[in-house]
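Engineer: Below is a structure I'd like to ask you about.
The values are calculated or read from the model by the stated rules, or taken from the named source; none is laboratory data. Model, not experiment: these values are computed from the prediction. Here the Cβ positions follow ideal geometry from the backbone for every residue, glycine too, while neighbour counts run over all protein chains shown. For accessibility, only protein heavy atoms count, side chains too; no ligands or nucleic acids. Shrake-Rupley method; radii C 1.70, N 1.55, O 1.52, S 1.80 Å.
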Amino acid sequence: TAKKLRSQFYTRFGTDFQPEQIIGQDLSFLGTITARIIADVTSYLLSHPLDTEDDIRSLRCISGIGTWTIETTLLTCLKNWDLFPLQDKFLQARMRRLYGKDVNMTEISNRWSPFRSIVTWYLWRYF
């Protein structure tokens, strides 16, 4: 699970690590796919600063990084206030619980703009 992988990673590198510490390290303890993605992201970070939303969206060029990863990164790192990750399975389940199985997440989340991220955080935390 993600929690287990994160725990293993933090045990090896600590919680306050820099990309330079990871380059060239053996990441096989995370599994083949996860290790490759982390190595690719780390290499990318060393040559591309992620200071803006466009910078973060540029991570899409890395195999294994998709819309969900980009949107959750924007939510947690840049504190973008108007994101609602429509592909997040947890949010999909919560929306069905609140609005029924045929919920139109786009239509409902658009009503919360420009504060969709705040609703996202509440749904992740409390529902």
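Engineer: Could you run through segment 79-96 and say how many residues are of a type outside the set (A, V, I, L, M, F, W, C) and either under 24 Å from ASP54 (Cβ atoms) or part of a loop (DSSP other than H, G, I, E, B) (or both)?
Structural biologist: The number of residues fulfilling the criteria is 6.
Engineer: Filter segment 1-29 down to the residues that are within 18 Å of the chain's Cα centre (by Cα) and of a type in the set (Gly, Ala, Ser), then identify the one that is most open to solvent (accessible area, probe 1.4 Å).
Structural biologist: Checked segment 1-29; the qualifying residue most open to solvent (accessible area, probe 1.4 Å) is ALA2.
Engineer: Given the conditions (1) in a loop (DSSP other than H, G, I, E, B); (2) of a type in the set (S, T, N, Q); (3) surrounded by 16 or more Cβ atoms within 10 Å (Cβ to Cβ), and given that THR69 satisfies all but one, which numbered condition is not satisfied?
Structural biologist: (1)
To keep it simple, each residue is scored yes or no on (1) closer than 21 Å to TYR126 by Cα; (2) of a type in the set (A, V, I, L, M, F, W, C).
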residue	(1), (2)
TYR10	no, no
LEU30	no, yes
THR34	no, no
ILE37	no, yes
ASP55	no, no
LEU59	no, yes
GLY66	no, no
GLN92	yes, no
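Engineer: Report yes if ASP102 is open to solvent by 50 Å² or more (accessible area, probe 1.4 Å), out of contact with any strand residue (DSSP E or B) (no Cβ under 6 Å at 6 or more places or on another chain), in a loop (DSSP other than H, G, I, E, B) and among the charged types (D, E, K, R), otherwise no.
Structural biologist: In short, yes.
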